[in-house]
Amino acid sequence: MSPLLILKLVGSLALLMYGMKSMSESLQKMAGSQLRHVLQAMTKNRFTGMITGAFVTASVQSSTATTVMTVSFVNAGLLTLAQAISIIMGANIGTTFTAWIMSAGFSFNITDFVWPAFFVAIILIYSKRRKSVGDFLFGISFLLLGLGTLKATGTEMHLENIPAVIQFFESFDDSYLTYIIFLFIGGVMTVCVQSSAAVMAITMALCSTGVMPIYLGIALVMGENIGTTVTSNVAALTANIQARRAAFAHMFFNIFGVIWALCIFRIFINFVCGIVGFPTEGATAADAKLLPTVLATFHTTFNVINTAILIWFIPYIEQFVCRVITKSKEEEEEFRLRFISSGFMQTPELSVLEAEKEIRSFSSHTQKMFHLVCDLLKETNKTDFVKKYSRIEKYEAITDNIELEIGQYLNEVSSERLSDATKAKIRAMLREISEIESIGDSCYNIARSLNRKISGKEDFTEEQYSHITQMMGLADQSLTEMNTLMNGYRESLDINKVFNIETEINNFRNQLKTQNVSDMDAQKYTYAIGTIYIDIISECEKLGDYVVNVAEARMGIRQRPQKTRERQ
């Protein structure tokens with residue numbers, strides 16, 4: 001075997017992997033936002049979630065992209081873990097479409113179609129509107145060219161005439177130990193090359209030459225199914241709890257499938273070969289051309305049957321992965337949607353009640369976020385400071401997503417027939433979530449100011465620390481009163497407490513701003529530290545304003561102009 005053939009083999013695999021990556025990325029660019037919307041909206045139950053996962057994965061040709069989008073929605077609280085598991089099951093079915101593309105590449109000389117596609121692609125790339133379509137055509141052309149070159153190289157190698165290769169495969173007897181060995185080899189290969197598509201292409205190339213028996217080829221494919229989940233689990237080690245659970249659920253799904261498939265291995269393979277029309281005994285060289293189709297059929301059948309079995313047990317799978325991967329104390333403080341889903345209930349009035357519960361939870365967790373900011377002020381260890389700051393940064397992104405999701409939910413409900421009172425309540429609730437999200441922004445802005453301070457060489461004076469602590473105490477009182485209003489009945493509540501605290505915050509802010517100018521003139525501290533100090537004080541005052549806005553919306557009071565409030 002010449003070195004040139006080996007280089008052609010390696011190069012064709014590289015071309016295939018690059019084409020797969022380019023095609024997937026261009027498809028995501030073309031339909032990314034729409035697919036995210038579909039993924040978010042079409043998950044009302046496990047079956048629609050599974051179908052959605054299959055559709056999205058087949059569309060973007062990347063189960064990894066589907067899983068990443070799914071985990072990001074779970075992390076933001078827009079999907080439950082159970083919904084994510086159903087989508088991942090569907091993604092396993094959708095990813096089998098790749099095997100069919102490869103099977104087509106081995107069935108006939110597909111490279112004949114590549115050169116015109118390259119020509120059309122280069123024209124489209126220079127068109128601004130059609131650039132993504134051109135990228136897609138380039139990607140699929142590289143993929144098919146890689147497949148064609150791989151097929152041609154495999155034929156040129158004449159592996160079926162090399163005694164060492166034949167002897168290697170003949171040295172394995174027809175036993176479960178052999179199947180497990182090749183299953184392990186397939187998993188290791190997938191982990192090493194970081195591409196299940198590449199391993200599938202290698203397997204098809206070996207089987208189509210007649211060198212590798214179909215049973216060993218299918219064992220490699222089963223190993224590839226496990227290997228691709230190992231990669232996602234390693235990647236999720238540094239991610240949040242939901243990402244780790246989703247990755248582990250993916251691994252559990254595939255391992256369970258491999259176990260039952262091994263139990264009926266020969267029967268199952270014979271069944272798949274029967275579907276394709278491939279003779280399990282006495283196969284000729286002409287029959288070997290059907291082996292890529294057999295592998296693609298097995299891949300699809302295996303994942304469809306596995307999904308059909310496990311989709312009924314999603315609640316138990318969720319419980320299992322939650323028991324295996326438990327939350328740390330920090331992760332228990334994370335917040336996400338609890339009472340509403342992407343669709344609304346059949347009765348719009350009841351949907352409003354569910355949204356009201358969600359807003360109460362949202363309000364409560366923003367105060368927890370503020371408490372984390374208060375802890376950040378006291379933190380002296382830089383490593384712990386960075387950890388807490390990262391959590392606040394993540395919470396701020398979550399509050400943005402939750403505001404958007406509740407707002408979209410309420411907009412859907414408001415399109416139904418509602419009473420005037422309910423319509424007014426929805427308007428007030430939309431105002432509440434906007435102001436609560438602004439409270440989250442203020443918390444993040446305070447944290448950013450503290451981060452600027454710790455990144456510099458200077459520190460606050462004891463008097464500044466005392467004033468900031470006092471101001472944060474007033475802001476916390478304001479948040480406590482806000483949550484009291486959010487959780488009580490309007491008729492029995494007194495909004496004057498919130499107004500009184502706001503007045504106290506405004507007066508204290510004005511006093512500290514005047515004193516800050518005097519202290520900087522007296523050179524008690526530098527202008528830089530004085531600016532950070534007054535930014536924190538001002539942000540606490542803004543937070544108090546947002547609290548008043550929430551309270552006014554809760555009590556049905558029309559919003560007052562900002563300037564009027566500032567003068568009080």
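The values are calculated or read from the model by the stated rules, or taken from the named source; none is laboratory data. The structure presented is a predicted model; accordingly, all values stated were derived computationally and were not measured. Ideal geometry is used to build each Cβ from the backbone, glycine not excepted, and the neighbour counts take in all protein chains shown. We work out accessible area using only protein heavy atoms, side chains counted, and drop any ligands, DNA or RNA first. Shrake-Rupley method; radii C 1.70, N 1.55, O 1.52, S 1.80 Å.
Shape of segment 343-471 from its Cα gyration tensor (a ≥ b ≥ c, root eigenvalues): rounded if a/c is under 1.5, otherwise prolate when a/b > b/c, or oblate?
On the way: a/c = 3.82, a/b = 2.87, b/c = 1.33.
Here segment 343-471 falls in the prolate category.
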Checklist line | Using θ = phi - 60° and Karplus 6.51 cos²θ - 1.76 cosθ + 1.60, couplings along segment 353-366 (whole Hz; Gly, Pro as x) | finding: 5, 5, 5, 5, 4, 5, 5, 4, 5, 4, 4, 4, 6, 5
Checklist line | Whole-Å distance, taken between Cα centres, linking segment 446-509 and segment 513-544 | finding: 16 Å
Next item on the list: Order Arg46, Arg323, most accessible first, counting only protein heavy atoms with a 1.4 angstrom probe.
Entry: Arg323, Arg46
Next item on the list: Based on the mean of other Cβ atoms within 10 Å per residue, sort peptides 268-275, 89-96 so the most packed one is first.
Entry: 89-96, 268-275
Margin query: Assuming 0.36 nm per residue, please report the length gained on full extension of the stretch Lys513 to Arg360 beyond their Cα-Cα distance.
Written below: 51.7 nm
Next item on the list: Ignoring everything but the protein chains, give the 1.4 Å probe accessible area of Thr307 in square angstrom, nearest 10.
Entry: 0 Å²
Check: If you wrap a convex hull around the Cα atoms of segment 435-498, how much volume per residue is inside, in Å³?
Finding: 80 Å³
Next item on the list: Step through the table entries Lys387/Lys513; Lys368/Lys497; Lys378/Lys457; Lys497/Lys542; Lys357/Lys394; Lys21/Lys387, compare each Cα-Cα distance with 27 Å, and write down the pairs that go over it.
Entry: Lys387/Lys513; Lys21/Lys387
Checklist line | Projected label distance in nm at Val304 and Ile255, using a 7 Å step from Cα toward the beta-carbon | finding: 2.8 nm
Next item on the list: Would you give the gap between the C-alpha center of segment 383-405 and the C-alpha center of segment 118-143, rounded to a whole Å?
Entry: 39 Å
